[in-house]
Amino acid sequence: FFMLPRPPRSTLFPYSTLFRSTIGELTGVELPRLIAIFGKSKGRWLYNAARGVDEEPVSERGEREQIGRIMTLAEDTRDVEAIASTIDGLALEVHKQIDEWEVLFRTVSFFAVTTDLKQHSKSKTLPAPTSSLEAIQKTGRKLIEKFLSENDLSVRRAGIRVSNFTHPTGQKTLHQFE
């Protein structure tokens, strides 16, 4: 199910005469009409999409660029310990995924949704790649403290994210040379 994009205000009248709301219903609309309403590029895309035509090559999805978790707090708060406790639990989940993927990260981000429902984030890039749970938790706590010192609102939801991944180089240990 795909909803059609809303055309510019100047074309609302001709658009309303289409009486279409899903891509599948567009098969009865001719290409020149779609181009007149949506423009050349989007009109041609809608025409082809309604008919199942897609020349885009199939490709593998790239590697994930970040791992993060977010949680709604028990109550809105500005208490560093309450927020840090939640972040520590979320950091355990993030760390488990890092271990499964066998990656190192360099950037830790804290993100919050405040009582005015605005999203905020603070990030820190570490000097060297790591997979340390302690690095996530300590950096997360520092970012929480920095965020609270810069904002007066209480936090409603809090989360932690790691990114900027690298793979271990596979450097050999002394025991592997025996």
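The values are calculated or read from the model by the stated rules, or taken from the named source; none is laboratory data. Please read these numbers as outputs of a predicted model, since none were measured by experiment. Cβ placement follows ideal geometry from the backbone for every residue including glycine, while neighbour counts extend to all protein chains displayed. For accessibility, only protein heavy atoms count, side chains too; no ligands or nucleic acids. Shrake-Rupley method; radii C 1.70, N 1.55, O 1.52, S 1.80 Å.
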The stretch 46-159 - accessible surface per residue (Å², probe 1.4 Å): 62
Using θ = phi - 60° and the Karplus curve 6.51 cos²θ - 1.76 cosθ + 1.60, what whole-Hz ³J(HN,Hα) does each residue of the stretch 154-165 get, with Gly and Pro shown as x? 6, 9, 9, 10, 9, x, 9, 9, 10, 7, 6, 7
What number, in percent, do you get for the relative contact order of the stretch 60-133 if the mean sequence gap of Cα pairs under 8 Å and at least 6 apart is divided by its residue count? 27
Taking 0.36 nm per residue of sequence separation and subtracting the Cα-Cα distance, how much length would be gained by fully extending the chain between THR169 and LEU117, in nm to one decimal? 14.5 nm
Once the piece of chain linking TRP45 and THR125 is laid out straight, how much longer is it, given 0.36 nm per residue of separation minus the C-alpha distance between them? 24.7 nm
Tally Lys/Arg at +1 and Asp/Glu at -1 over every other residue whose Cβ is under 10 Å from the Cβ of ILE70; what's the total? +3
Taking a probe of 1.4 angstrom, what is the accessible area of LYS122 in Å², to the nearest 10? 50
Candidate residues THR169, THR107: accessible-area rank, largest first, probe 1.4 Å: THR169, THR107
Here, THR107 and ASP79, labelled 7 Å along Cα→Cβ, have an inter-label distance in nm of 3.3
Over the stretch 96-165, with every protein chain in place, what whole percent of the accessible area is carbon and sulfur at 1.4 Å, could you tell me? 43
What is the gain in length, in nm to one decimal, between VAL53 and GLU93 on full extension, counting 0.36 nm per residue of separation less the C-alpha to C-alpha distance? 10.3 nm
Sorted by accessible area with a 1.4 angstrom probe, largest first, how do ASP79, ASP152 fall? ASP152, ASP79
Can you run phi through the Karplus equation (6.51, -1.76, 1.60; θ = phi - 60°) for the stretch 97-113 and list ³J(HN,Hα) in whole Hz, with x for Gly and Pro? 5, 4, 4, 5, 7, 6, 10, 10, 10, 10, 10, 10, 10, 9, 10, 9, 10
